[in-house]
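Please read the structure below before turning to the comments.
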Amino acid sequence: MTRAIFPHSLKVWSLSLGCPKNRVDSERLLGSLGVAMQHVEHMGKARLVFINTCGFIDPAVRESVRAVVDAIQRLEKCKVKPLLAVGGCMVGRYGAADLAAELPEVDVWLPTGELPRWPAMLAAALDLPEPPARIPGGGRLLSTGPSYAWLKVGEGCRHKCAFCTIPSIRGGLKSLTADDIADEAKALLAQGVRELDLVAQDLTSWGVDLGLKHGLPSLLEKLVGLEGLAWLRLLYLYPTGVTPELLRFIRGCGAPLLPYLDIPLQHAHPDVLSRMGRPFAGDPRRVLDTVRSVLPHAALRTTFIVGYPGETEEHFESLCRFVEESRFQHVGVFAYQAEDGTVAATLPDQVPDEVKQWRRDSLMEIQADISNELLSAQVGSRMQVLVDAPHPDWPGLHSGRVWFQAPEVDGITYVSGPGVVPGALVECDIVENTDYDLTALA
């Protein structure tokens, strides 16, 4: 089997698994190699096959392994074999050496600990010129279309939640500088992107490692006035960092900063929160009360873990009541996974898998009813819809989002009518809803 040599643009097939932060890593890597890039739909036509893996929980690891093995099997049938590179959290969690012993067919392993060196490592493997150390605006090959882009503002995490593998994989908090973030934002907007979605393991910690006292507001001040920015969204706000000062800043800032807050609470009962190592275990309701006292019309998203070690039926019922009373716009529910290397995996009173799954399904049923009620109240109103992409099966129909729907993690708005094209922000009538989605006419 011989290696392909392409003298012109670099043909690439790529797959990014896991969270949006991984997608940003993939886009930055492919945009920073210093050559023209051409996406292809079939691996066999590529010079580079790149898979960015997730290693956060065991199901994500299994998915990543399946993706790599599938690529190996498909590439075995190629007369001219592309270079197979695998990076991301699975590599950071288990180590390139151990993975290479199990999967020798992979040509290049890219560990998360060497993220800044990924372009140089890949360029060397592809016999490309050394890529520039710094590309203005960060260098991004967007994969999200013209409507939105994720903007990762930092790496790692300074918290020590008992169930989480991220600090051991990604390390401690490492904030990007405000100037670098602003430059990347400008470059994304120059490509026609309308919405920027800020992500980090904890946005409220941004700048702490840089010695900044009011880091996130100072960063937002650099971004809100950028030309072309229609919506600016905040995801992953650690509950203790959602202070009255931050909320008042958001309220005073106004557009384009959306009153959309993703605050992962993980549970509502103090006993479970204490076992999780969450510092606000006393009463998470205080977080919501604080938000709603300052931003009464904010859209709130959160996530919960059910079946955590020691979670009793009483604890779960308390969580259900909390969700019923709080009426979140969006809720994600995850059945607890015991992960090697975490404190939680060593705790007694592990909950059976069938109980965890039942609790997840039950809580999602509660939230489905709440979501339906909240969305039905929007029917008959007129709202802006940011159009993402054409529907694959229905000509003239597109998927988009209203302001309280974040990309990829929330429901969508189906939209049709004049001026509805990807990237457009269109005034629409909301005409129908389901449990999680809306239908709109321009």
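General observations
- For the range 186-304: relative contact order, % (alpha-carbon pairs under 8 angstrom, 6 or more apart): 25 percent
- Structural descriptor for the chain: relative contact order 10 percent, calculated from alpha carbon pairs under 8 angstrom and at least 6 residues apart.
- Whole-number D in µm² s⁻¹ for the range 2-96, Kirkwood Cα-pair radius fed into Stokes-Einstein, 20 °C, 1.002 mPa s: 155 µm²/s
- Where the range 100-166 is the region considered: accessible area per residue in Å², 1.4 Å probe: 44 Å²
- Stretch gain in nm, segment S376-K222, where the contour uses 0.36 nm per residue and the Cα spacing is subtracted: 51.8 nm
- If R0 is taken as 51 Å, the Cβ-Cβ distance between K79 and S293 corresponds to a FRET efficiency of 0.20.
- Taking all protein chains together and rolling a 1.4 Å probe, Y238 ends up with roughly 20 Å² accessible.
- For the chain, the cysteines with no partner cysteine C-beta closer than 4.7 Å are C19, C54, C78, C89, C157, C253, C320, C428.
- In plain terms, the chain from T434 to A97 could stretch by 116.5 nm, reckoned as 0.36 nm per residue minus the Cα-Cα distance.
- Model label sites at A133 and V69, defined 7 Å from Cα along the beta-carbon direction, differ in position by 4.3 nm.
- About its Cα centre, the range 255-309 has a charge dipole of approximately 0 debye under the convention of +1 per Lys or Arg Cβ and -1 per Asp or Glu Cβ, with nothing else charged.
- A helix-only calculation puts the chain at -10000 deg cm²/dmol for mean residue ellipticity at 222 nm, using -39500 (n - 2.57) for each DSSP H run of at least four residues, averaged over all residues.
- Here the label points at S274 and Q38, each 7 Å from Cα along the C-beta direction, are separated by 6.3 nm in the simple model.
- Accessible surface of the range 288-371 [probe 1.4 Å, protein heavy atoms]: carbon and sulfur percent: 49 percent
- Per the Debye calculation on the range 271-429 with a single equal scatterer at every Cα and no solvent contribution, log₁₀ I(q)/I(0) for q = 0.13 Å⁻¹ amounts to -0.76.
- Share of carbon and sulfur in the accessible heavy-atom surface of the range 1-93 [1.4 Å probe, %]: 55 percent
- Each DSSP beta bridge with both residues in the chain is either parallel or antiparallel, and the antiparallel ones are about 30%.
- What the Cα convex hull of the chain gives, in volume per residue, is 153 Å³.
- Dipole magnitude (debye, nearest 20) for the chain, charges at Cβ of Lys, Arg, Asp, Glu: 1300 debye
- Within the shell of other residues whose beta carbon sits under 11 angstrom from the beta carbon of H214, the net charge comes to -1, with Lys and Arg scored +1 and Asp and Glu -1.
- Look at the dipole of the chain built from charges on Cβ: of Q405, G154, M364, the Cα furthest out on the positive end belongs to G154.
- Spatially close lysines, pair count over the chain: Cα under 14 Å, gap of eight or more or interchain: 10
- Range of Cα positions in the range 15-66 per principal axis (Å), largest first: 36, 24, 12
The values are calculated or read from the model by the stated rules, or taken from the named source; none is laboratory data. Bear in mind that the values here come from a model prediction, so they are computed numbers and not experimental data. We place every Cβ from the backbone using ideal geometry, glycine too, and count neighbours over all the protein chains shown. Surface accessibility is based on the protein's heavy atoms, side chains included, excluding ligands, DNA and RNA. Shrake-Rupley method; radii C 1.70, N 1.55, O 1.52, S 1.80 Å.
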